[in-house]
Amino acid sequence: MSASGPVLSSSPVRVRMRPVSDGQRAALVAAGMHPVLARVYAARGVHSANELEPTLAGLLPPDSMKGLAQAASLLADAIEAEARLLIVADYDADGATACAVAMLGLRSMGARVDFLVPDRARHGYGLTPGIVQEAALLEPDLLITVDNGIASVDGVEEANSLGLPVLVTDHHLPGDALPAAEAIVNPNQPDCGFPSKALPGVGVMFYVLLALRAELRRRGMFRSKDNPHAEGPDGQPLLAEPRLTDLLDLVALGTVADVVPLDANNRLLVAEGLKRMRAGRARPGINALFEVARRDVQRASTRDLGFSIGPRLNAAGRLTDMRLGILCLITPDDAQARTLAAELDSLNTTRREIEDDVRETALARLGNVDVQAGCTVVAYDEEWHPGVIGIVAARLRDRFHRPAFVLAPGDQGTLRGSGRSIAGLHLRDCLDRVAKQHPGLILKFGGHAAAAGLTLAGDGLAQFESAFEAAAAAMLSPDDLQETLWADGTLGAADLELTLAEALDTGIWGKDFPEPQFHGVFGVHDQRIVGERHLKLRLDLGGQMVDAILFGQVGPLPERINALYQLAVNEWNGVRRTQVSVRHWTPAV
């Protein structure tokens, strides 16, 4: 998925054409696909138009997911015993949607279940001993982690000492030791044969529910269509078998917002979720979030989920309490959903203001540093809000094309950092290298290839900065450090039309299946500042005039530009027009 603003990098940038198989492209054209779309999809490994219209019948079966059968049995036993289940969620959009899916799905199968979300500043990430102790006060019979837990060795040990069994559902990479949980469901744990390692936390929870429903069906817990009044051995009416497809709008939101690779299985889940939204079958909370974002849910796109809905949901976990976001997602009441969504929207406005301040301060401090001379960027200030450091790390990564860590004060005199990486560096593996070469420097860490978090001792910043630089330098090549932007060929003047723009707009785009960008030379006929920091343009491509937008820049453009751009749709007063969104430009000769 593209960024929300233009590519304004301080590093050298090269633009290359995305390679494509002529045979695959020709086959797609022969099947009736628009030539531009054929090139775009062939370059992303699509062989048949049928791959772009997936159905749930093509969903990867759950059988090969390690721990799934044990988890289903554990949950089914708990439901039969009327045990009290407590979900411990993460405070980002994946964790929130995973918690919502778990709450709604488990309740639909008769479970007694509630949830608890750690406080970002007070507890930190995951199932920590502190959050276990707070959870124990609620007297649950089983703890269930969603989107966390695989690295919570100490937290699970604390739960075990209190007689609290734990079911871990997660997707993050494990450390050297696994927690001693009753069951672990994580496609990235050792010896798990599930083909998709890109499944997000919400996707893992969806698979747990699929397995649980099958287990309860096997145990005769659901009534049949032929006997809707059937009773169980205890004389109580049997449950109707739930439709778990009703949860796919939440699965789609969490999958896109967590920026996991959109492999075929994840694209299928996202496509089915978007279908529900566009057909008017989204949950009240998602509808309300679209309303406050001023987006049309009937035209819901991956761009909407990633850049309009996801950030508003994430704002709760960044600034206050993700409980607000989860309540918005699970409420069945339209009015309550609108009230909660309005609160989330207000929090997101505050989040943007805080983020802008932190980013500008970080850039000012880096202004006298030759970032290109090194391999990494590290920034810290004792006044920075820990809720926005991950976003700012992403902004610095994009600006300088360097792996970046931004740190803020943690609890008990520690420093808490959030990092984002470039394609050439697996960030968690890099932190593992630092931790092994400098024992005691990193108190704890976790994450995956593109993003990671850590906790340092209060006096460890300078040592971490040098150790991170050394480790990254050993793992990166000079080629990795030069930013490459990929184009999907050029468009002719006749291609700047609404039908093609709408087809691109409704595609399932994301990490490892990126939204198309094209390269071309435009004449600049008009330019004016809008929204204080953007340029509204009129561009000429081969005699065809088209509206355009350049986000995050107000300086004037020359008369002709080489542009890397996306073909998009702009709707104003009910009229939809083609618009070019400029991502990167250089003067044209």
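How many angstrom lie between the Cα centre of segment 346-403 and the Cα centre of segment 125-143?
With segment 346-403 and segment 125-143 each reduced to a Cα centre, they are spaced 33 Å.
With point charges of +1 on the Cβ of Lys and Arg and -1 on the Cβ of Asp and Glu, referenced to the Cα centre of the chain, which listed residue (A316, L456, W572) lies farthest in the positive direction of the dipole?
W572
Round to the nearest 10 and give me the degree value, 0 to 90, for the angle of helix 68-80's Cα axis relative to the longest principal axis of the chain.
50
Ranked highest first by the average count of other Cβ atoms within 10 Å around their residues, in what order do 387-396, 48-57, 174-183 fall? If you can, show how the numbers build up before the last one.
Working: 387-396: 24.2, 48-57: 12.5, 174-183: 17.2.
Ranked by mean Cβ neighbours within 10 Å, highest first: 387-396, 174-183, 48-57.
In angstroms, what radius of gyration and Dmax does the chain have, counting Cα atoms only?
Cα-based Rg and Dmax for the chain come out at 24.5, 83 Å.
Grab every C-alpha pair in segment 70-161, bin the distances at 10 angstrom width from 0 up to the longest one, and report whole percents.
Calculated over all Cα pairs of segment 70-161, the distribution is 17, 51, 30, 2 percent.
Counting Lys and Arg as +1 and Asp and Glu as -1, what is the net charge of the other residues whose Cβ lies under 9 Å from the Cβ of A548?
Values: positive: K536, R538; negative: D547.
Summing Lys and Arg as +1 and Asp and Glu as -1 gives +1.
For segment 371-481, what does the alpha-carbon gyration tensor say about shape, rounded, prolate or oblate, given a ≥ b ≥ c as the root eigenvalues, a/c under 1.5 as rounded, and a/b over b/c as prolate?
Details: a/c = 1.73, a/b = 1.27, b/c = 1.36.
Verdict is oblate for segment 371-481.
Let me know the Rg and Dmax you get for segment 304-408 when you use only its Cα atoms, in Å.
So, for segment 304-408, Rg and Dmax equal 16.2, 55 Å respectively.
So for the chain, taking the charge dipole from beta-carbon charges (+1 Lys/Arg, -1 Asp/Glu), which of V132, A42, P386 sits furthest toward the positive end?
A42
Can you list residues whose amide H is under 5 Å from R583's amide H, if they're 5+ apart or on another chain and H is modeled 1.01 Å from N?
L564, Y565, Q566
For the pair A31 and A57, how long in nm is the line joining their label points, each one 7 Å along Cα→Cβ?
Between A31 and A57, the simple spin-label model gives 1.6 nm.
From the Cα gyration tensor of segment 229-342, with a ≥ b ≥ c the square roots of its eigenvalues, which class applies: rounded if a/c is under 1.5, or else prolate if a/b is larger than b/c, or else oblate? List each step's numbers first, then the result.
Values: a/c = 1.96, a/b = 1.46, b/c = 1.34.
Here segment 229-342 falls in the prolate category.
Quick one: which of 312-319, 238-245 comes out on top by average Cβ neighbours within 10 Å, and what's the full order, highest first? The partial results should precede the final answer.
Details: 312-319: 25.5, 238-245: 15.9.
Ranking the peptides 312-319, 238-245 by packing returns 312-319, 238-245.
Nearest 10 degrees is fine. How inclined is helix 264-278 to the longest principal axis of the chain, computing both from alpha carbons?
So the inclination is approximately 90 degrees.
Tell me whether segment 484-587 comes out rounded, prolate or oblate; compute the Cα gyration tensor, take square roots of the eigenvalues as a ≥ b ≥ c, and use a/c under 1.5 as the rounded threshold.
Numbers: a/c = 1.34, a/b = 1.21, b/c = 1.11.
Taking the square roots of the gyration eigenvalues as a ≥ b ≥ c, segment 484-587 is rounded.
Given the pairs K275/K511; K66/K275; K225/K275; K197/K275; K197/K436, which span a C-alpha to C-alpha distance of over 28 angstrom in this model? Let's see the in-between values first.
Working: K275/K511 20 Å; K66/K275 30 Å; K225/K275 26 Å; K197/K275 24 Å; K197/K436 25 Å.
Going by Cα-Cα distance, K66/K275 fall outside the 28 Å limit.
Just how large is the dipole of the chain about the Cα centre, in debye to the nearest 20, putting +1 at every Lys and Arg Cβ and -1 at every Asp and Glu Cβ? Before the final figure, lay out each step's value.
Working: 57 positive and 73 negative charges, 304 e Å.
Its charge dipole is roughly 1460 debye.
Ranked highest first by the average count of other Cβ atoms within 10 Å around their residues, in what order do 467-473, 425-431 fall?
On the way: 467-473: 20.1, 425-431: 22.0.
In descending order of packing, they fall as 425-431, 467-473.
What size of dipole, in debye to the nearest 20, comes out for segment 484-587 about its Cα centre when the only charges are +1 on Lys and Arg C-beta atoms and -1 on Asp and Glu C-beta atoms?
Working: 9 positive and 13 negative charges, 65 e Å.
For segment 484-587, the charge dipole is close to 320 debye.
Values quoted throughout were computed directly from the atomic coordinates according to the rules given, and no laboratory measurement underlies them. If you're wondering where the values come from, they're calculated on a predicted model, not measured in any experiment. As a convention, Cβ positions derive from the backbone with ideal geometry for all residues, glycine included, and neighbour counts pool all protein chains shown.
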